[in-house]
Structure formats: C-alpha cells, structure tokens
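Following: one structure in structure tokens, then a few remarks.
The values are calculated or read from the model by the stated rules, or taken from the named source; none is laboratory data. Treat the numbers as computed from the prediction; the structure is a model and nothing was measured. Here the Cβ positions follow ideal geometry from the backbone for every residue, glycine too, while neighbour counts run over all protein chains shown. Heavy atoms of the whole protein, side chains included, go into the accessibility calculation; ligands, DNA and RNA do not. Shrake-Rupley method; radii C 1.70, N 1.55, O 1.52, S 1.80 Å.
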Amino acid sequence: MLRYYSYYSVGGYKDFYLGSNADQFEASYYLSLLPVWEKRAKEKDDTELQKKVDELKTLPSIKVMDEKQSYGMPKAGNSLFSHGGYKLIYEHLEGDNYALAVRDIPSSSKDESGRETPFLFIITSDNQEDTKKLNVLAAYTATNMATFSNMISSTLGYDVQKNGLRFDVAALNIWVDKIIKTQKSTEVYTIEKDLNISARKGAVSLLLIPDGVPSQTAINEQGFVGRSVVTAHTSDILPLDNPQKLISLLRKHYAKQLHDREKAMSDKRIKELAIAAGGGAIFGLFIAKMFN
C-alpha cells in the first residue's frame, strides 16, 4: 500500500495522515470547526446547522497523528516531520517500509496573517510491489520537482464549501498510476552523471539537499551517520520539466568545455539528456539555441 502523509498548516502546523492508494472515496477532510458547529447546533437547537453537521460527519476524514496513533508511519519516519536540512529524501525506514518525503512544497493557502505556508508531503510503501512504484516516483519527483509540487498542491488545500482542509485522494491516485505506467526510468539526471534510484534495506537511496546546506550537515540533521547515503544538491539535478532552466544549466556547465577536443563528448551528453527529457521539436530548438 502507498500511504500519504503531510505536515500542513491548519490553525498551526500538524502531522496528518491523508489517505492511501487503497481508498475508494474521492476526497478526505479535516474540519477543525466541526466540533464547534456541533456544539452550537445543540445549544441553539438549530436543525439546519445540525443537518449540515450530520452530513459533514459522514465525510472521510483526514487524521491528526500523535504519539498514540501514527496511522502506519513507522517511528523511524518521525525525523522526516521534525527535522529539516533536506528537499527530498527517499529512504528505508524499517522492515518493508520505505518513504519518499518532499519539503517546502508551495501551498495554495496562506495563514491568518497572509503568510506563505509551505508544507511537507510523504509517500510510504510497505511491500515490494509498491516499493518498485516508489522507486519510479522518487526518480520522477527529483527530476520533475515543479510538476510534482504543483500536482500535490492542487490535491491538498482549503475547501471553501466545506470550510476545511481537503485531500483529493482519487485524483492523486490516478496521477500516480499514470506516472508509474508511463515513466519506467529510475534514473536521476545530474550534469556529471546519472544516479540509479533503487530502494535498499538500511540505505538512503537519495538525499536531495538545498543549495547552501553542506552535505554532512544534512546527514547529521536526519541521523544518517553510518548509513549508505546517496547525496546531491538541488542545483546538481537537471529539471526535465523545465527546458529553459535545463538549457541554462547545461550552457553554464559546458561553456568551458565546448572547444574542438571535447565538443563531441559534450554533444553526446546533451543528446542523451534531450532523449531523457522527452526529446521532441521544442527541446530540439532549445538545444540548437545553445550553440548559436
């Protein structure tokens, strides 16, 4: 099973269990005002409000996690919520449990003071078949971070009609299935080399670190000392969903190497990356512009 979790601000940040790929309903909700409305309906004998309360209570609920109830999240995953120093982590937690975590996803909502409320999103797997899916999702997310973040932001946010947090689990499950079926690669592309992402017991298959944070600091922050860790900084990753930025990164890297002796090797690498990014006429035009 793939389970979905978040550290999201609703009247303050909370740890949430959102749902799973086994859920058959369209959406789940966290309605923080529901107890208030229920109390008001009883005190004022408001039948209309009581009817609304009764309807809302039938909706699938987003669960608030605490020390007594983790909703399937192993204790080894607690540091993903409580500690920073990373942009993306794909790691083994315990047993057959693996986690893909992405921090600082832009939210579609703001807090009461109008401030941005970036959030954390985690996907876990608990069997070999779903971990294979998570391998693909981890590689895709690392090289298509903007696309992943936009999708997650579109499925988790404030519902005006219900006056609460809504998670569109059905929409996300459809999207995840599409990625698994269309993206077979588990490669993460960097300028210098390609990283093959594969879940391994006891290992951190990918630790993607924000620029400016030393690798050892991120490793220490998450308690990864002594474990096998594959690290990369965000600026190392080639964004396959952003051709303009991709070309800019390639141009800067190869600017000092595009003399006659090394041009053939550089061209070969660029063509490989063009294929990885999906090829096509548009990407071809960007490649051509590099050399004009």
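Yes/no per residue for (1) open to solvent by 50 Å² or more (accessible area, probe 1.4 Å); (2) not β-branched (Val, Ile, Thr):
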| site | (1), (2) |
| --- | --- |
| SER154 | yes, yes |
| ALA170 | no, yes |
| ASN173 | no, yes |
| VAL188 | no, no |
| ASP194 | yes, yes |
| SER228 | yes, yes |
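Exactly one condition in (1) under 17 Å from the mean Cα position of the chain (by Cα); (2) over 20 Å from ASP15 (Cα atoms) is not met by PHE167; state its number.
Among (1) under 17 Å from the mean Cα position of the chain (by Cα); (2) over 20 Å from ASP15 (Cα atoms), PHE167 violates only (2).
Is it the case that some residue within the range 47-68 is touching a Gly at 6+ places or on another chain (Cβ under 9 Å), farther than 23 Å from LEU207 by Cβ and in a helix (DSSP H, G or I)?
yes
Which residues, counting only those in the range 230-248, are more than 22 Å from ASN135 (Cβ to Cβ), open to solvent by 50 Å² or more (accessible area, probe 1.4 Å) and not charged (D, E, K, R)?
Correct list: SER235, ASN242, GLN244.
What tally of residues in the range 196-213 results from selecting those that are of a type in the set (Gly, Ala, Ser) and open to solvent by 70 Å² or more (accessible area, probe 1.4 Å)?
Summing the residues that are of a type in the set (Gly, Ala, Ser) and open to solvent by 70 Å² or more (accessible area, probe 1.4 Å) in the range 196-213 gives 1.
Given the options TYR29, TYR13, TYR5, TYR17, name the one that is in contact with a helix residue (DSSP H, G or I) (Cβ under 9 Å, 6 or more places away or on another chain) and either closer than 22 Å to ASP96 by Cα or open to solvent by 70 Å² or more (accessible area, probe 1.4 Å) (or both).
On inspection, the qualifying residue turns out to be TYR5.
Of all residues in the range 37-67 being at pLDDT 90 or above and among the β-branched types (Val, Ile, Thr), which is surrounded by the fewest Cβ atoms within 10 Å (Cβ to Cβ)?
Per the stated criteria, the residue is THR58.
Would you check which residues across the range 80-105 are under 22 Å from ASN127 (Cα atoms), small (Gly, Ala, Ser) and out of contact with any His (no Cβ under 9 Å at 6 or more places or on another chain) and list them?
The answer is GLY95, ALA101.
Can we say ALA146 is over 21 Å from GLY19 (Cβ atoms), assigned to a helix (DSSP H, G or I), open to solvent by 10 Å² or more (accessible area, probe 1.4 Å) and touching a residue at least 24 places away in the same chain (Cβ under 8 Å)?
Details: over 21 Å from GLY19 (Cβ atoms): yes; assigned to a helix (DSSP H, G or I): yes; open to solvent by 10 Å² or more (accessible area, probe 1.4 Å): yes; touching a residue at least 24 places away in the same chain (Cβ under 8 Å): yes.
Spelling it out, ALA146 is indeed over 21 Å from GLY19 (Cβ atoms), assigned to a helix (DSSP H, G or I), open to solvent by 10 Å² or more (accessible area, probe 1.4 Å) and touching a residue at least 24 places away in the same chain (Cβ under 8 Å).
Here are ILE270, ILE191, ILE219: which of them is under 23 Å from the mean Cα position of the chain (by Cα) and modelled with pLDDT under 95?
ILE191
Determine whether TYR71 is open to solvent by 30 Å² or more (accessible area, probe 1.4 Å), at pLDDT 95 or above, on the phi > 0 side of the Ramachandran plot and touching a strand residue (DSSP E or B) at 6+ places or on another chain (Cβ under 7 Å).
yes
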